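Encoded as structure tokens, the structure appears first; notes follow it.
The values are calculated or read from the model by the stated rules, or taken from the named source; none is laboratory data. Just so it is clear, the structure is predicted and the values come from calculations on it, not from any experiment. Glycine also receives a Cβ, built like all others from the backbone with ideal geometry; neighbour counts cover every protein chain displayed.
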Amino acid sequence: MARSFNTAGPNDPADHYTLPVMARLPDVRRLIGKKRYFVLHAPRQVGKTTTLLSLGRELTAEGRYVAVLLPVEQGAPFPDDLGAAELAILESWRGWTAAWLPPELQPPPWPDAPPGSRLSAALRAWAETAPRPLVVFLDEIDALQDNALISALRQIRAGYPTRPGHFPWSLALIGLRDVRDYEVASGSSGRLGTASPFNIKAESLTMRNFTSDEVAELYRQHTSETGQVFLPEAVERAFYLTQGQPWLVNALGQQLTEVLVQDPTQPITADHVEQAKEILIRRQDTHLDSLMDRLKEPRVRAIIEPMLAGSTPGHVPEDDRRFVLDLGLLRRSELGGLTVANPIYREIIVRALAGATRDVLPQIPATWLTPDGRLDREALLRAFLDFWRQHGEPLLASAPYHEIAPHLVLMAFLHRVVNGGSIEREYAIGRGRMDLIVRHRGETLAIEIKVWRPAETDPLEEGLEQIDGYLAGLGLTNGWLVIFDRRPDAPPLAERLSAAPATTPGGRQVTLIRA
């Protein structure tokens with residue numbers, strides 16, 4: 001059977017296109033060789049489980065260690081019942097060792113032990129009987145919470161001084177977050193913090209995304225096996241849209257080769273990649289859906305909302321910043337600031353937030369289309385003004401983020417407009433604006449959104465200067481500048497809603513919309 005791009009569960013090199021697993025974790029073998037206990041944390045769907053499963057097989061096959069990845073998430077339903085949590089975990093370990101280790105390297109029967117000591121007793125018995133040094137990777141450790149989590153960590157710490165004769169030679173905790181950020185019910189912060197019961201860790205590692213060369217190599221594997229070529233422009237576009245996020249890279253590859261371009265004699269182009277991106281955004285698979293669900297959390301909102309509004313987040317605790325980075329929603333840019341992790345997430349975040357508004361949007365006749373289905377800008381302008389006059393302000397209450405409610409209502413309207421087209425967004429953090437590009441059947445409309453907030457002056461002059469630079473960068477000569485007046489003492493909507501021509505400092509003609 002031909003291999004394919006994988007988006008569900010760990011990679012199997014026999015079934016899936018797979019990159020060399022240790023290229024993104026070069027330090028792990030060194031730590032294992034030095035008998036170290038360490039932490040590996042990274043966002044979901046970046047390849048942690050795949051990498052450690054593969055490494056366990058490699059180390060075992062080399063004959064020096066008994067190495068295996070073992071899950072602990074089966075104990076998650078029992079945060080305060082140590083006995084039930086430990087029994088569930090040990091039962092899953094038995095199944096995993098049977099699947100991944102040869103009979104002669106299987107662990108002994110788990111010894112009888114009281115609740116709160118069963119995990120350490122099992123690891124001790126196995127280390128004492130194993131014919132080689134025992135290396136264990138505990139996957140999804142931060143799925144455990146409260147007493148179950150603290151007990152597991154304390155048991156590992158208690159056994160650590162007796163390694164390697166009576167406890168694993170090397171052990172790693174694998175999860176979403178670093179160990180000090182694991183969630184617990186006790187304590188004022190709800191985190192383990194610096195007083196972690198796993199203070200024996202030597203290092204905390206993380207996994208990077210794919211590089212552009214690695215994305216090209218993954219796609220070349222498909223070409224080698226099927227003959228279907230990814231044009232350089234397609235690989236470049238795929239890397240830009242995903243920034244190398246492994247699940248997205250594979251998901252694009254899957255859509256491109258299994259849905260959009262099934263004929264292997266047809267090359268894959270950048271336009272195909274754009275189509276695949278739109279499919280992913282519309283489908284919002286489980287990985288993306290669960291990620292976007294985090295937008296409801298107050299500590300995520302405290303960072304994302306001002307970013308979308310173009311303002312600078314206020315004081316945000318370091319732990320909250322780390323949390324959003326660990327989720328993979330944001331990354332640190334080359335200049336050091338926070339930015340959305342990739343353009344696909346950037347699009348999905350806004351669509352997810354505008355979803356509630358889009359669902360309650362009234363039916364709007366598509367008066368903005370010409371008879372041949374193209375975009376009529378003048379008709380679109382009239383339709384937007386009519387829409388905002390009748391529905392704009394009442395719909396603001398449906399937006400989940402108050403600070404960017406006008407932006408979300410406008411975008412819900414635009415999503416009706418671009419059915420079959422696309423909207424690209426840029427968040428100008430710290431510059432008080434959001435930029436949009438509406439693309440529909442060859443037509444391109446650039447829109448800049450500004451908000452006139454209480455105690456501020458009219459942002460018109462700044463907006464004209466900013467949209468001038470925005471249009472210049474796009475190679476366009478016209479666009480829309482939309483200013484939402486959010487002052488409590490603003491004139492009534494019937495008086496301020498208007499559209500008029502305006503000229504930028506660079507001489508470009510734009511439509512100024514006040515709402």
(message) One residue is enough: does region 102-116 have a residue meeting the conditions touching a Ser or Thr at 6+ places or on another chain (Cβ under 7 Å), assigned by TED's automatic domain parsing to the domain that holds ARG44 and more than 24 Å from PRO10 (Cα to Cα)?
(response) yes
(request) Using the structure shown, decide if ASP81 is closer than 26 Å to PRO43 by Cβ and modelled with pLDDT under 95. (result) no
(request) Please verify whether region 255-266 includes one or more residues that are at pLDDT 95 or above and either farther than 20 Å from ALA2 by Cβ or under 22 Å from the mean Cα position of the chain (by Cα) (or both). (result) yes
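Mind checking which residues of region 55-112 are in a helix (DSSP H, G or I) and under 24 Å from LEU25 (Cα atoms)?
Step one: of region 55-112, the residues in a helix (DSSP H, G or I) are 55-62, 73-75, 82-100, 103-105.
The answer is LEU55, GLY56, ARG57, GLU58, LEU59, THR60, ALA61, GLU62, GLU73, TRP96, THR97, TRP100.
Conditions tested, residue by residue: (1) buried (at least 23 other Cβ atoms within 10 Å of the Cβ); (2) modelled with pLDDT under 95; (3) in the same structural domain as LEU53 (by TED's automatic domain parsing).
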residue	(1), (2), (3)
ARG132	no, no, yes
VAL135	yes, no, yes
LEU138	yes, no, yes
ILE141	yes, yes, yes
LEU144	yes, yes, yes
ALA148	yes, yes, yes
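Scan region 262-275 and give yes if some residue there is on the phi > 0 side of the Ramachandran plot, touching a helix residue (DSSP H, G or I) at 6+ places or on another chain (Cβ under 9 Å) and outside the structural domain of HIS415 (by TED's automatic domain parsing), otherwise no. So that I can check it myself, show each step before the final result.
Going through region 262-275, the residues on the phi > 0 side of the Ramachandran plot turn out to be none.
No, region 262-275 has no match at all.
Name the residue, out of ALA84, ALA88, ALA125, ALA130, that is free of Cβ contacts under 8 Å to residues at least 60 places away in the same chain and either under 17 Å from SER170 (Cα atoms) or in contact with a His (Cβ under 6 Å, 6 or more places away or on another chain) (or both).
The match here is ALA125.
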(message) Conditions first: (1) in contact with a Gly (Cβ under 8 Å, 6 or more places away or on another chain); (2) closer than 17 Å to PHE384 by Cα; (3) in contact (Cβ under 8 Å) with a residue 24 or more places away in the chain. ARG439 passes all but one, so which condition is the exception?
(response) (3)
(message) Taking the conditions exactly as written (within 35 Å of the chain's Cα centre (by Cα), assigned by TED's automatic domain parsing to the domain that holds PRO362 and at positive phi), does GLY507 satisfy them or not?
(response) no
(request) Those residues that are buried (at least 22 other Cβ atoms within 10 Å of the Cβ) and within 16 Å of VAL21 (Cβ to Cβ), I need them from region 60-104; list them, please. (result) ALA67, VAL68, LEU69
(message) Anything in region 23-48 that is over 22 Å from the mean Cα position of the chain (by Cα), part of a helix (DSSP H, G or I) and of a type in the set (A, V, I, L, M, F, W, C)? List them, or say none.
(response) VAL28, LEU31, ILE32
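Does LEU330 meet the test of being of a type outside the set (Gly, Ala, Ser), touching a residue at least 24 places away in the same chain (Cβ under 8 Å) and either closer than 30 Å to GLU297 by Cα or not assigned by TED's automatic domain parsing to the domain that holds ALA494 (or both)? Give the derivation first.
On the way: of a type outside the set (Gly, Ala, Ser): yes; touching a residue at least 24 places away in the same chain (Cβ under 8 Å): yes; either closer than 30 Å to GLU297 by Cα or not assigned by TED's automatic domain parsing to the domain that holds ALA494 (or both): yes.
Answer is yes for this residue.
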(request) Among the residues of region 470-492, write down those that are of a type in the set (Asp, Glu) and free of Cβ contacts under 8 Å to residues at least 24 places away in the same chain. (result) ASP489
(request) Could you grab me the full set of residues in region 263-284 that are out of contact with any Phe, Trp or Tyr (no Cβ under 6 Å at 6 or more places or on another chain), farther than 20 Å from ALA356 by Cβ and not in a helix (DSSP H, G or I)? (result) ASP263, PRO264, THR265, GLN266, PRO267, THR269
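Going through region 224-262 one residue at a time, which ones are aromatic (Phe, Trp, Tyr) and either over 13 Å from ASP213 (Cα atoms) or touching a Phe, Trp or Tyr at 6+ places or on another chain (Cβ under 6 Å) (or both)?
Within region 224-262, PHE230, TRP247 meet the criteria.
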(request) Working carefully through the options ILE447, ILE467, ILE513, find the one that is without any contact (Cβ under 8 Å) to a residue 60 or more places away in the chain, crowded, with 21+ Cβ neighbours inside 10 Å, in contact with a Phe, Trp or Tyr (Cβ under 9 Å, 6 or more places away or on another chain) and part of a strand (DSSP E or B). (result) ILE447
(request) Collect the residues in region 356-410 that are touching a residue at least 24 places away in the same chain (Cβ under 8 Å) and charged (D, E, K, R), keeping them in residue-number order. (result) ARG358, ARG374, ARG377, ARG389, GLU393, GLU403
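Can you tell me which residue in region 111-124 is surrounded by the most Cβ atoms within 10 Å (Cβ to Cβ), limited to those that are touching an Asp or Glu at 6+ places or on another chain (Cβ under 9 Å) and hydrophobic (A, V, I, L, M, F, W, C)? Outline the logic, then answer.
Start the filter on region 111-124 by keeping residues that are touching an Asp or Glu at 6+ places or on another chain (Cβ under 9 Å), which leaves 113, 115-119, 121-122.
Narrowing further to those that are hydrophobic (A, V, I, L, M, F, W, C): 113, 119, 121-122.
Numbers: ALA113: 17, LEU119: 27, ALA121: 18, ALA122: 22.
Step by step, filter region 111-124, then rank; the result is LEU119.
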(request) Please find, within region 400-444, the residue that is modelled with the highest pLDDT out of those that are closer than 14 Å to GLY310 by Cβ, of a type outside the set (A, V, I, L, M) and part of a loop (DSSP other than H, G, I, E, B). (result) TYR401
(request) Within region 316-347, work out how many residues are within 10 Å of the chain's Cα centre (by Cα) and either part of a helix (DSSP H, G or I) or of a type outside the set (Val, Ile, Thr) (or both). (result) 13
(request) Please state which one of THR97, THR49, THR7, THR60 is among the hydroxyl-bearing types (Ser, Thr, Tyr), touching a strand residue (DSSP E or B) at 6+ places or on another chain (Cβ under 8 Å) and in contact (Cβ under 8 Å) with a residue 60 or more places away in the chain. (result) THR49
(request) Return a yes/no flag: does region 12-29 have any residue that is at positive phi and buried (at least 19 other Cβ atoms within 10 Å of the Cβ). (result) no
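Only one of GLU274, GLU236 is surrounded by 14 or more Cβ atoms within 10 Å (Cβ to Cβ), modelled with pLDDT under 95 and not hydroxyl-bearing (Ser, Thr, Tyr); which?
Numbers: GLU236 fails: modelled with pLDDT under 95.
Step by step, each of GLU274, GLU236 is checked, and only GLU274 is surrounded by 14 or more Cβ atoms within 10 Å (Cβ to Cβ), modelled with pLDDT under 95 and not hydroxyl-bearing (Ser, Thr, Tyr).
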